1. Note the angle between two axes, namely the Cα long axis of helix 238-249 and the longest principal axis of the Cα atoms of the chain, as a number of degrees from 0 to 90, rounded to the nearest 10.
2. Set the Förster distance to 22 Å, then compute FRET efficiency between GLU232 and LYS126 from the Cβ-Cβ distance, nearest 0.05.
3. Putting +1 on Lys and Arg Cβ atoms and -1 on Asp and Glu Cβ atoms, find which of PHE72, GLY153, ILE49 reaches farthest to the positive end of the dipole of the chain.
4. Based on the Cα coordinates of the stretch 148-262, what is the per residue volume of their convex hull in Å³?
5. Would you calculate a helix-derived [θ] at 222 nm for the chain, using -39,500 (n - 2.57) for each DSSP H run of n ≥ 4 and dividing by the full residue count, to the nearest 500?
6. Compute the Rg to Rh ratio over the chain from the alpha carbon atoms, using the Kirkwood formula for Rh, and round to two decimal places.
7. Residue separation times 0.36 nm, minus the C-alpha to C-alpha distance between ASP194 and SER83: what's the value?
8. Projecting each Cα onto the charge dipole of the stretch 186-295 (Lys/Arg +1, Asp/Glu -1 at the beta carbon, about the Cα centre), which of ALA252, LEU269, ASN284 comes out farthest on the positive side?
Amino acid sequence: MMKAATSAPGKVILFGEHFVVYDRPAIVSAIHLRARIEAWIHDQPGVWIGSRRLVNHPASRAIEYVFEKAGFTSGVTLKISSSIPSSVGLGSSASIAVASAGTASLITLGRIDEELVKLAAGEGEKIIHFNPSGIDTSTALYGGGGLYTRSRGFTPIEIPLKKILIIDTGKTRKTGEMVKRVKEFMEKNKERFDKILKREEELIEEALDAFRSLDLERLGRLMLENQSLLREVGVSSLEIEEAVKIALDAGAYGAKLTGAGGGGCVICLADEDRIEGISKIISNRFKVYLTELSADGLREEKI
Ligand code: MEV
C-alpha cells in the first residue's frame, strides 16, 4: 500500500502493575482514548515527520523493525495524533508503537500481522522503558479486557464495568525509573518482596472472583490493598495519596494508582449512577477522565 492508517487504544491496569514485571498476573483493560498513526511512502529511507527524521522514538523503532523483517527499503512520512495523555500511566507510548507497527505492516504486507506487530511494538517500547513486561503493548494490540502474565501473555477476560474514572495528578514521570525503584526495593527487601508478590497473586484471584459476582465494594477494598502494596514498594506519591483520599471522601469504593505511579493517574471505582457526581467533586482539584473500558484493540482506519 502507498499509504495506510491504524489506531490503537490506551490502557488502565486495574490490578497488578509492577508485580507483573516479576511474572505475576495483572488485570488490564483497553480504554476509549486512542493513538492514530497515518503513514505514506517517502522517497528516502527512514521515518519522517515533515522534514525531520524521527530517530530513537517508539514509533520509528517499531516501523524500522517491520521494514527490516519485510525487506522494505523505502521510508515513510508519519502523522501522529493521540488523545492519550503521555507519561501518566495510560499506555500512550505503547499505543503509538502498536499503531506505528500496524500501519507499517499494512504498507509492507497489505495486512496486519499481529505477531510481527507485537514484536515490533515491543522493540519500540524498549526505547523508553526499562524491562517492559509487555502488558501495555499487548493491551493496545488485542484490546478489550485481559489477564496478563509475562510468561503466558494476554488472555481475554470480560470486565463487567462499563466506565472508569481516571484522575490525572498532573505529575509526569518516567516508567523506566519507577520500575528501577521497585527493583531496588526488591534487592534490599527480598523476603518481604516475596510475600508481597504472593499476596498480590491472591489479590488478583479475589478480584476475578469479585468481578464474577459484581461485588464492587469488595473490588474497592482490593484496590485499596493493591494501592498499599504499591505504596510499600515505593511507587506512590503525595499527589496519588491525595487523589485516593479525595475519591474515597467523594464516595468511591476504592482507588489506586494505575501504571507506573510516582505521579501519573489514579483510577477510581464507583457505582455507575454515582460516578458522574463523584467525577464533578474530584474535578475541583484534579483533571478527570470518565472513560469507557474494553475498547477495541489495533484497527485499520480510513484515510
Ligand atoms: C506500566 O504501564 C506497567 C508497569 O508494570 C511496567 C511494565 O509492566 O512494563 C509499571
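1. Long axis of 238-249 versus the principal axis of the chain: about 60 degrees.
2. Details: r = 28 Å, r/R0 = 1.27.
Step by step, r from the Cβ atoms, then E = 0.20.
3. The listed residue farthest towards the positive side: ILE49.
4. On the way: hull volume 14.0 nm³, N = 115.
Dividing the Cα hull volume of the stretch 148-262 by its residue count gives 122 Å³.
5. Details: 9 runs with 126 residues, N = 303.
Rounded to the nearest 500, it is -13500 deg cm²/dmol.
6. Values: Rg = 19.2 Å, Rh = 19.4 Å.
Checking Rg against Rh, the ratio lands at 0.99.
7. Numbers: separation 111, 0.36 × 111 = 39.96 nm, distance 3.77 nm.
Additional length available on full extension: 36.2 nm.
8. Comparing the listed Cα positions along the dipole, ASN284 ranks first.
Values quoted throughout were computed directly from the atomic coordinates according to the rules given, and no laboratory measurement underlies them. Note that this is a predicted model, so its numbers are computed, not measured. With ideal geometry, Cβ positions are generated from the backbone for all residues, glycine too; neighbour counts draw on all protein chains shown.
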